[in-house]
Amino acid sequence: MLTVRPIPAYDDNYIWLITRDGTDKAFVVDPGDPAPVLQRLEAEKLTLSGILVTHHHFDHVGGLGPLRDAYGPVVYGPDNPAIDGLDRIVHAGDCVDVLGESFEVLQVPGHTLDHIAYFGPAAAQLFCGDTLFAGGCGRLFEGTPAMMHGSLASLAALPAATRVYCAHEYTLANLAFARAVEPDNVALAERAIAAQATREAGEPTVPSTLAMELSTNPFLRCSEPGLLASMKAQGKLDGETPIEVFAAVRQWKDSF
C-alpha cells in the first residue's frame, strides 16, 4: 500500500509525497518549490525516483530542475513544451508505475488545456492538481465551461471512496462560497464546521473523498434541484442545462 503525505509549499500549495513501506524510494506530485521537498527527502533518507506533473503552472513545475539535478527522477507530465524537464509525456489512457502500483492518466482540461490527473484504482487515489478542489474547482484560465464541466463529470464517475488529493488548501474559502450557493445543504454546513476545526488545529483539510465532494461541492452538483432553486432565487441563473449552471456557478465564484 502506498502512503501519501502533504509537503506544504508557498502560501497554500500541497506537494504530495508518495512512499511505500520497505523501500527508500519516493514520488512527488507537482513540486513547485524544491526546497521543502529536498528537506523532507533528506530528513527521511528517501530517494526521489519519480515526479508526476498535472499541468504547466509554475507553482506545480518550478522545482523540476533542482530535483532532477539532485536525484535524477523520471518526470511524467502532459504534452506541453512549456514544461521544461519532462522525461515521459503521457496522454489519456496511459498508465504510470508509481512504486509498484499502476496509475491511469486522465485528460481533464479546463483550468489549463494541458491538465491531466492520475488515478490509482488499487487504493482509489486521485491526484487532480487544480481541476477538482475540496469544495471547489480551478479557475478557467485556458479552457471553457464545457471543458471543465466534462472534466469534472469524468472525475465524478470514479468510485465514491476515491481519495481526492488536490494541490491547494482552499477549502474554507470554497466552502464559504458553497454555502452561499446552497444555504440549505445540511451536509455542507456540517463539513464547513469540521473543516474550520481542522484548520484551527493546524491540519490540512485534504484529501477529501469523492463522496464528500458529490454531496457538498457545488461544481459537482449542477443538476441538483436544490442548487438550481437557490441559484434562481438569488438571480444567478440564466439557463438550466448542466453546463449553463456550471458556468453561472463558476462566474459567481470568480467574483465572490
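Bear in mind these aren't lab numbers, they're just calculated from the coordinates by the rules spelled out. Quantities reported herein were computed from a predicted structural model and do not represent experimental measurements. No Cβ is skipped: glycine too gets one built from the backbone with ideal geometry, and neighbour counts run over all protein chains shown.
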Residues meeting the amide H criterion for V98 (H placed from the backbone, H to H distance under 5 Å, 5 or more places apart or on another chain) are F103
Highest-first arrangement of 44-53, 16-25, 215-224, where packing means the average Cβ count within 10 Å: 215-224, 44-53, 16-25
Excluding residues on the same chain fewer than 8 positions from K25, give the lysines whose Cα lies under 25 Å from its Cα. K45
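How many percent of the alpha carbon pairs in the stretch 2-254 exceed a separation of 29 Å?
Counting pairs separated by more than 29 Å, the tail of P(r) holds 28 percent.
Please compute the Kirkwood hydrodynamic radius over the stretch 176-241, one decimal place, Å, based on all pairs of different Cα atoms.
Its Kirkwood hydrodynamic radius stands at 12.8 Å.
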The stretch 123-150 and the stretch 159-185 have their Cα centres apart by a whole-number Å value of 12
Based on DSSP, what percent of beta bridges with both residues in the stretch 1-156 are antiparallel, to the nearest 5? 70
Out of V96, V164, V29, a Gaussian network model of the chain with alpha-carbon springs under 10 Å gives the largest mean-square fluctuation to V96
Sequence gap at least 6, Cα distance under 8 Å: using those rules, report the relative contact order of the chain to the nearest whole percent. 13
Calculate, for E44 and L172, the FRET efficiency according to 1/(1 + (r/R0)^6) with r their C-beta to C-beta distance and R0 25 Å; round to the nearest 0.05. 0.25
